[in-house]
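The values are calculated or read from the model by the stated rules, or taken from the named source; none is laboratory data. Predicted, not measured: the structure shown is a model, and the values here were computed from it. Neighbour counts run over all protein chains shown; Cβ positions are idealised from the backbone, glycine included. We work out accessible area using only protein heavy atoms, side chains counted, and drop any ligands, DNA or RNA first. Shrake-Rupley method; radii C 1.70, N 1.55, O 1.52, S 1.80 Å.
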Amino acid sequence: LAAIACYALLVGGEVAVVRAAVMGGLFVTAAALKRSSTAIVSLSAACLAMTLANPLALWDIGLQLSSMATAGLVLLSPVLTRQLRQILGRFLGWTPGWLRVSCADVVAVTLAATLATLPLGLYYSQRLSLVSLLANILIAPVQPLILFSGTSALIAGWWGVEVLSQLLLWWAWLGLVWTAGAVRWCAGLP
């Protein structure tokens, strides 16, 4: 719980981050109490707690978008994942199973979050991005690399293992270069 709170403060404590931290805290608490947790209930509880603490949070665009994206991930991505795995299995049966599953998962999660946030995105921006789904599909696979190698580099640096820290930071850098390049490429599409 302390690590979640520190991370939320470290990244700025925005309303969307606090919502994610409260959900994470509820999950950790449920696990410590040997109770099951449900993501949609945790999302609802987090939004309720934040609204009780600050009723103006309801009008925070970041909270609205992150809550809808999370709801999309919880409610839509399992269905989309199953369907995409079947479709890819039918059309790309010659490829390795792990590759089909990975591709289906990345596309399903990205599509679920995109579909869930689409109405709010259209309302607030008054535009529809035709490349956002492609951009997210291109960058989603390297985000865990950036997060885990960056965090591991930080820990290795704290322990004084500078060589390992540098090596891990190179991996994070490669993920960041890929992300920036994919975003620039997508932004340049007509």
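Of note:
- Taking region 69-99 as the range and being farther than 27 Å from Ile40 by Cα and either surrounded by 20 or more Cβ atoms within 10 Å (Cβ to Cβ) or of a type in the set (A, V, I, L, M, F, W, C) (or both) as the test, the residues that pass are Ile87, Leu88, Phe91, Leu92, Trp94, Trp98, Leu99.
Residues checked against (1) among the hydroxyl-bearing types (Ser, Thr, Tyr); (2) within 20 Å of Val109 (Cα to Cα); (3) part of a helix (DSSP H, G or I):
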position	(1), (2), (3)
Ala135	no, yes, yes
Ala140	no, yes, yes
Gly160	no, no, no
Leu167	no, no, yes
Leu174	no, no, yes
Cys186	no, yes, yes
Leu189	no, no, no
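- Flag for Leu169 being open to solvent by 60 Å² or more (accessible area, probe 1.4 Å) and touching a residue at least 40 places away in the same chain (Cβ under 8 Å): no
- Selection count, region 75-133, where residues are charged (D, E, K, R) and over 22 Å from Gln143 (Cα atoms): 3
- Residue list for region 1-27, filter: open to solvent by 60 Å² or more (accessible area, probe 1.4 Å) and either over 22 Å from Gly72 (Cβ atoms) or not in a helix (DSSP H, G or I) (or both): Leu1, Ala2, Ala3, Cys6, Tyr7, Leu9, Leu10, Val11, Glu14
- Residues located in region 54-83, provided they are within 19 Å of Val101 (Cα to Cα) and either more than 19 Å from the chain's Cα centre (by Cα) or among the basic types (Lys, Arg) (or both): Arg82, Gln83
- If the condition is being assigned to a helix (DSSP H, G or I) and small (Gly, Ala, Ser), then region 28-57 contributes Ala30, Ala31, Ala32, Ala39, Ser42, Ser44, Ala45, Ala46, Ala49, Ala53, Ala57.
- A single entry from Leu168, Leu176, Leu145 fulfils the requirement of being over 30 Å from Val131 (Cα atoms), hydrophobic (A, V, I, L, M, F, W, C) and within 22 Å of the chain's Cα centre (by Cα): Leu168.
- Complete set of residues in region 100-119 that are open to solvent by less than 40 Å² (accessible area, probe 1.4 Å) and within 18 Å of Ser66 (Cβ to Cβ): Thr110, Ala112, Ala113, Thr114, Ala116, Thr117
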